[in-house]
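S.K.: First the structure, then my questions, so here it is.
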Amino acid sequence: MDLAAYALVGVALGFAFSMGAHYTGACMGMPYASGAIRPGRALALMAPFTLLGAYLASGGVEGTVGHGLLGGGPVSLGLALGILVSAFLLTTLYNVVTIPTSTIQILVFSVVGAGIAAGIPVAWGTIAILVVLWALAPFAAFLIAYVAVRVLDRHDPPAPRPQGLGPSVAAALIAVGTAASFAMGANDVANASGAFIMTGLFGPMTAGLIGGIGLSLGVVTWGRPLLERVAFDLVALDGRMATAAQFAQSSVILAFVGFGYFTSMNQALVGAMIGTGVARGQRRLQWPAIRGVLLGWGVGPASGAALGFVITLALARLGGL
């Protein structure tokens, strides 16, 4: 490999590392907040299942990122590097200020901005499908979580006063958190490693493995701040509600991944949490925190497109494309 290829691998690993930290709350926030598992154990459990998801189940999404967003065949290493730098910088910035934005939306619109700047056809049909799925995902998670809580409560009415977790509920929470970790690896690794497919540098399995290693390292070394933010700032859930929320999130993500598309872990989780609250008729949502998340969803795509465009123009002027 030449220097540009090594640089691409390095940036992809860094981007995956940042994403791994970014999504700890979306995967293990419910088990941790409910007291089913300690934070260190949660992250230690999340890391290997994230790697497995990235290695075993990310092929369809890798193909969408690698071949479905831009036309005209393989892109140059320089262009792919510019796209990853744009998405990596923005994701890291939002990590630092602990705003759980959608990394997927940042990446996709970084590709759009870079494609426009480089004069490469953008696959607007695929972009439109993704946007529709992104809009549907939180509502689908809301519905699944709402139905799950209503069914469970009808079968076994909740106690009038909060009670500690029983062993079966704790085990269920850990199980759905583990499933969410696997789903995150399959869903999100292509944000970093899809560039390998885009350029033809590696195949899907190798790309998923490299990106999965970066994700798992980010989980165990830098994941705790986002774990605590998502776990405690958004909504107060009992064990049953938390299990339903995490189950709904994982179901939506894995369903999308099965068709080769990806969507936001955070959006699906917030939709699911709102669904559990509505099912109980409670006003437990912390709207200021949720408004902050919504703001992040708004600025993520716009900032991704703008920075991808600017970085690509700069690279073109410097002869890096």
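Any read-out appearing in this document is the output of simple, stated calculations on the displayed coordinates, not a laboratory observation. Given the structure is predicted, the values throughout are model-derived calculations rather than measurements. Neighbour counts run over all protein chains shown; Cβ positions are idealised from the backbone, glycine included.
S.K.: Quick query: amide H of residue 70 versus all other amide H atoms, modeled in the peptide plane; which residues come in under 5 Å with a sequence gap of 5 or more or a different chain?
M.R.: 123
S.K.: Right, something else. Over the range 3-317, what is the mean sequence separation of C-alpha contacts under 8 Å (at least six apart), divided by residue count, expressed as relative contact order in percent? Walk me through the intermediate numbers first.
M.R.: Details: 631 pairs, mean separation 127.7, N = 315.
Relative contact order comes out at 41 percent.
S.K.: Does anyone have the angle between helix 24-33 and the longest principal axis of the chain? Alpha-carbon axes, 0 to 90°, nearest 10?
M.R.: 10
S.K.: So for each of 203-216, 166-179 I average, over its residues, the number of other beta carbons within 10 Å; can you give me the resulting order with the highest mean first?
M.R.: Details: 203-216: 22.9, 166-179: 18.5.
Per-residue Cβ counts within 10 Å, averaged per peptide and sorted highest first, yield 203-216, 166-179.
S.K.: If I fit a long axis through the Cα atoms of helix 204-222 and take the longest principal axis of the Cα atoms of the chain, what angle between them do I get, 0 to 90°, rounded to 10?
M.R.: Relative to the chain, helix 204-222 is tipped by roughly 60 degrees.
S.K.: How long is the range 3-317 along each principal axis, judged by its Cα atoms, biggest number first, in Å?
M.R.: 66, 33, 31
S.K.: Using a 7 Å offset from the Cα along the Cα-to-Cβ direction at both residue 221 and residue 310, what is the distance between the two label points in nm, to one decimal?
M.R.: The modelled label-to-label distance comes out at 2.8 nm.
S.K.: Not counting the cut sites, what is the longest span of the chain without trypsin sites (Lys or Arg not before Pro) that DSSP labels loop and that have at most 16 other Cβ atoms within 10 Å?
M.R.: Numbers: sites that count: 283, 284.
Between the exposed loop sites, the longest stretch runs 1-282.
S.K.: Separation between the residue 318 and residue 154 pseudo-spin-labels, each 7 Å from Cα along Cα→Cβ, expressed in nm?
M.R.: Taking the two extended label points, one gets 6.1 nm.
S.K.: Note the angle between two axes, namely the Cα long axis of helix 124-155 and the longest principal axis of the Cα atoms of the chain, as a number of degrees from 0 to 90, rounded to the nearest 10.
M.R.: 10
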